[in-house]
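A short write-up of the structure that comes next.
Just so it is clear, none of the values below were taken in a lab; they were calculated from the coordinates. Bear in mind the structure is a predicted one, so any value in this text is a computation, not a measurement. All Cβ positions, even for glycine, are placed from backbone atoms using ideal geometry, and neighbour counts span all protein chains on display.
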Amino acid sequence: MKIILIVFCLVIQQTAGAACSDAPAPGVNWSGCDKSGQNFASMDLHGAILTRANLQGADFSSAKLGNADLGSASIRGARFNGAMLKDARLVSVVAEQADFTDAKMDGVSFSRASLVRANFTRARLVDARFYEANAEKAVFDAAVLNGARFLRTYLHDASFVRAEAERASFAESSFESAILRGSRFLRCEFDKTNLTDADFGSADLTRSTFREAVIDGAVFDKAILSDASWIDFSRCRADAVGRCR
């Protein structure tokens, strides 16, 4: 019996070791593996299992990572420029200063992820989920966020300059000192959100809701507030610009 157990354990260890040495391919299992600093640019890793992997500083530029699972992986400083991440799972990832510029990320989940100073410039994040994520000082400039969910997300000093979103939710999140100038947020939800010192200058906020939001020091200079629902549940006039009236 002991011999059988020893042989079984050796087989398991060899199999686990072999997984980390497997070549990049769709569905590859690198769970818990150290792939830090490696180059996977333009490779097909669709459906790959990268949970708890060390991917710090790795290059996934233009890689195919649709339906991949990166749950609890460390991707600090990794590059995903132009990568395809549709429906990928990045729950609880550590992604400080990761670069997702121009990435296609529809349906991706960043719930409870650490995204401090991450770069999502021009990224497509339709129906993405950021539940309780920390995106302090993250950059979403010119990103497409239609239907995205940022429920209870920490977005202090984040930048959404010229970002576009329709029917996205930022409810109960914190946008303190965030910059949203020139953004186009139509029918979006900011209910019970902390918008202290946030800058919405020249933003289009048509039919968005701000019920019970905190707007102390927030700037709405030249912002379009047509038919928006205000902090006191009143509705702004169709021609409201700069302030709800």
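Taking square-rooted eigenvalues a ≥ b ≥ c of the alpha carbon gyration tensor, is the stretch 73-131 rounded, prolate or oblate, where a/c under 1.5 means rounded and, failing that, a/b exceeding b/c means prolate?
Here the stretch 73-131 falls in the oblate category.
Normalising by the residue count of the chain, find the relative contact order in percent from Cα pairs under 8 Å and 6+ residues apart.
Details: 897 pairs, mean separation 19.6, N = 245.
Dividing the mean separation by the residue count of the chain yields 8 percent.
Which ³J(HN,Hα) values in Hz, rounded to whole numbers, follow from the phi angles of the stretch 175-183 under the Karplus curve 6.51 cos²θ - 1.76 cosθ + 1.60, where θ = phi - 60° and Gly and Pro get x?
Rounded to whole hertz, the list is 10, 4, 6, 6, 10, 10, 5, x, 6.
Based on the Kirkwood radius over alpha-carbon pairs, what is the Stokes-Einstein translational diffusion coefficient of the stretch 119-245 at 20 °C with 1.002 mPa s viscosity, in µm²/s?
On the way: Rh = 13.7 Å.
Estimated diffusion coefficient is 157 µm²/s.
Please name which of ASN134, LEU145, LEU180 has its Cα lying farthest along the dipole of the chain towards the positive end, using unit charges on Cβ (Lys, Arg +1; Asp, Glu -1) and the Cα centre as origin.
Toward the positive end, the furthest listed residue is LEU145.
Taking amide H atoms as placed 1.01 Å from N in the peptide plane, list the residues 5 or more away in sequence, or in a different chain, whose amide H sits under 5 Å from that of ASP141.
Answer set, sorted by chain and number: PHE120, THR121, ARG122, VAL161.
On the first, second and third principal axes, largest extent first, how far apart are the outermost C-alpha atoms of the stretch 18-133 in Å?
That gives 35, 22, 20 Å along the principal axes, largest extent first.
Using Rg/Rh (Cα atoms, Kirkwood Rh) as the read-out, say which of (1) 0.96; (2) 1.12; (3) 1.01 was calculated from these coordinates.
(2)
Sequence-distant or interchain residues sharing an amide H contact under 5 Å with GLY107, placed H: which?
Result for GLY107 returns ASP87, VAL126, ASP127, ALA128.
Relative contact order for the stretch 57-165 using alpha-carbon pairs under 8 Å, separation at least 6, rounded to a whole percent?
On the way: 394 pairs, mean separation 19.9, N = 109.
Computed over the stretch 57-165, the figure is 18 percent.
Give me the dipole magnitude in Debye, nearest 20, for the chain about the Cα centre, with unit charges on the beta carbon: positive for Lys and Arg, negative for Asp and Glu. Spell out each step's value before the answer.
Working: 30 positive and 30 negative charges, 68 e Å.
Magnitude of the dipole: close to 320 debye.
Of SER226, ALA171, TYR154, which is farthest on the positive side of the dipole of the stretch 124-245, counting Cα position, with +1 on Lys and Arg Cβ, -1 on Asp and Glu Cβ, and the Cα centre as origin?
Ranked along the dipole, the leading option is SER226.
ASP44's amide H: which non-local residues (gap 5+, or another chain) put their own amide H closer than 5 Å, with H modeled 1.01 Å from N in plane and none for Pro or chain starts?
It is LYS64, by chain and number.
Quote the relative contact order of the stretch 94-229 in percent (integer), defining contacts as alpha-carbon pairs under 8 Å separated by 6+ residues. Mind showing how you got there, number by number?
Numbers: 511 pairs, mean separation 20.0, N = 136.
Relative contact order comes out at 15 percent.
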